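Heads up, the thing below is written out as C-alpha cells.
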Amino acid sequence: MKPRFLFAATVALALALSGAEFASAASAKCTGSVRAKAKACKPAPTAMASKKNFAGKKTVKMTKVKRALSRRLAAAKSRAVRARISNEPITVRLDEYGQPRLSSSAFYVVNQNTGEILLQRNARLVMPIASITKLMTAMVVLDSGSRMDEVLTISDDDVDYLKGTHSRLGVGTQLTREEMLQLALMSSENRAASALARHYPGGREAFVAAMNVKARMVGMSETHFYDSTGLTPRNVSSPRDLSRLVAAAAGYPQIREFSTTSERYVFINGQLRRFGNTNGLVKSSDWNISISKTGYISEAGRCLVMQAWMLDQPLLIVLMDADGRNMRAVDAQRVRLWLEEKPERLAANRRPQQG
C-alpha cells in the first residue's frame, strides 16, 4: 500500500477511535447536587493523540478533532432529550408519601388562599436563585415611582463580565424604563436589569439596599441580594422565602403582565427584534399563570417560580435546581397533573412532607 493511502487510513482509524471514546463518555450518567454533578461530569484531560507521518516529520495532533466530535455528540444528545420530553406524555410517579416524584432538588408548593403546604422538599434550604432575582428588581423599580417612559441607555457597565452571558441589547441601546423592565422579566435580559439598577436614584448601591429592605418587608428572612440580575451566586434565598416573593410580586399589575407576556417586538437600532418568554408554559392553554420567572446559573441549576391558578385556587410554585434544561417545566406539569387527578388534594388537610 502506498504511504499516502496508509496515512489516510491511519487518520480515519484515529477519528473512529476518538468518536467511540466520546460516545462512551456521553453515555455516562451524572448524579447528585449541582456542585457534585459539575465535579463528576467534568471531562478528563484530553490526551494529545498524534500520528507520525512516514517521512518522520511533524505530528498530527487530534485534540481539535476530538473536541469537535464532543460538541457534536453533546448537541445531538440535547436535541434527542428535548424531542423525547416534548413528544412523550408526562407521567406522574408517586413517592412513599403519595406525592409526585420531581427532579428538582428543592421545591415548595402552597395554596396562597389557605396557606396550606401541598408539596415541599428542602423548603428552608438557602441556595443561589439566579434570575428569580428580577422579580425583586421589578418591585424596587416600581416602588421608586420613576417615570416609565424615561429613556435609559445600555452602557459598558451593564455588560456581564462575571458569567460572560450574551445579550441582544448592545452598548448604546436606548429603551424606555418600561421596555427595559418587560425585557428583564419576560426574556430575563441581564443588561436591562443592570441598567434599571444603575439608573435608580443613588445608583446600584442604593438599589441593592432597597432590594434587601423590601425582602425583609415581605417576610423573606432567609434571603440576601448583591445585584439586580442574579448573575452572582451570592444572591440567595430559600424556596419558602421565594413563595413570599412571588406572592408579593403578584400584587403589581405590571409585573403580572410583563412576566407572562409570551413575546414582544422591540425596535433596537432601527431594527424590529422579537423577544420571547423564557417560560414556555405561559403559552399553554393548560395553564392560567399570573406570575412567572425562570432562572439559571450553574450554581443554582434550572429554576422556575410561578403563581398559577388551579381549580380556582392561586398556587405559589417554586422549583429549584431541576435536573436538566426542560425538567423544571416537566416538574410543573407533574404538579398540575397530580392535583387535577384528585381535586380534593387542594382542600384536604394533608400532613406535609418534612422540608
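Name the residues whose placed amide hydrogens come within less than 5 Å of the amide hydrogen of L118, ignoring near sequence neighbours (fewer than 5 apart) on the same chain.
Amide H to amide H, under 5 Å and 5 or more residues apart or across chains, L118 pairs with V109, V110, N111.
List the trypsin sites (Lys or Arg not before Pro) within the stretch 215-287 that DSSP assigns to loop and that have no more than 16 neighbouring Cβ atoms inside 10 Å.
R234
To make sure I understand, if each residue's beta carbon is the centre and we count other beta carbons within 10 Å, what order do H224, H199, H166 fall in, fewest to most?
H166, H224, H199
Stokes-Einstein at 20 °C, 1.002 mPa s, Kirkwood radius from Cα pairs: D for the stretch 106-346 in µm² s⁻¹? Each step should come with its number before you reach the end.
Values: Rh = 17.9 Å.
In µm²/s, the coefficient rounds to 120.
Just name one of V330, S290, T137: the one whose Cα is farthest towards the positive end of the charge dipole of the stretch 106-346 (beta-carbon charges, Lys/Arg +1, Asp/Glu -1).
V330
On the first, second and third principal axes, largest extent first, how far apart are the outermost C-alpha atoms of the stretch 150-291 in Å?
44, 41, 28
Would you work out the Kirkwood radius for the stretch 240-294? I mean one over the mean of 1/r across all pairs of different Cα atoms, in Å.
Result for the stretch 240-294, one decimal place: 12.6 Å.
At a Cα cut-off below 16 Å, give the aspartates and glutamates reachable from K214, other chains included and same-chain residues fewer than 8 away excluded.
Within reach: D143, E205, E222, D227, D241.
Bear in mind that the values in this text are calculations on the coordinates, not laboratory data. On a predicted model such as this, the values are computed, not experimentally measured, just so you know. Cβ sites come from the backbone with ideal geometry, for glycine too, and all protein chains shown count toward neighbours.
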